[in-house]
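Let me begin by presenting the structure, written as structure tokens, before commenting on it.
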Ligand SMILES: [Zn+2]
Ligand SMILES: [Zn+2]
């Protein structure tokens, strides 16, 4: 499997040749703010498996986990592209809306569902976690 994607203006693009380690929809408040929607999509890859070209600007804030999250976006068109959560070292999240082939995204779970809004819509078949899934 190989995935690729780019921002709205095309200045930032990426490729990755391995499947995501996991993926899901995050309903936390910061994902609502940055996506302008009810949740954000995230496909998680080992950071060194993703090749990014173009200038990415990162904004860092404290996430619902209490740990810092860096969110990467295109400084020209503002498209949200990447997430680097301190809680998962060496992992990079890619926003599925930026994919070249949108059907490459297969969400496996909903997380931070305790933060979801009344107008949020979730797929019934996916496991739901009120916050982060339990880590082993
Ligand atoms: Zn752009
Ligand atoms: Zn989130």
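Rule-based calculations on the coordinates, nothing more; no lab input. Everything quoted here is computed from the prediction, not taken from an experiment. FYI the Cβ positions are ideal-geometry reconstructions off the backbone, even for glycines, and counts take in every protein chain you see.
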At 222 nm, what helix-only mean residue ellipticity would the chain give, in deg cm²/dmol to the nearest 500, using -39500 (n - 2.57) for each DSSP H run of four or more? -1500 deg cm²/dmol
Whole-Å distance linking the alpha carbon centroid of the range 63-90 with that of the range 1-37 is 10
If packing is taken as the mean number of other Cβ atoms within 10 Å per residue, what is the order of 106-116, 49-59, highest first? 106-116, 49-59
Counting DSSP beta bridges in the chain, what percent are antiparallel, to the nearest 5? 90
At a Förster distance of 25 Å, what's the computed FRET efficiency of residue 51 paired with residue 86, Cβ-Cβ distance as r, to 0.05? 0.65
Relative contact order of the range 1-108: what whole-number percent is it, with Cα pairs under 8 angstrom and at least 6 residues apart? 30
Separation between the residue 61 and residue 109 pseudo-spin-labels, each 7 Å from Cα along Cα→Cβ, expressed in nm? 2.3
For a test of the definition: using alpha carbon positions, the gyration tensor, and the 1.5 limit on a/c, classify the chain as rounded, prolate or oblate. rounded
Order these peptides, 64-74, 22-32, by their mean beta-carbon neighbour count within 10 angstrom, highest first. 22-32, 64-74
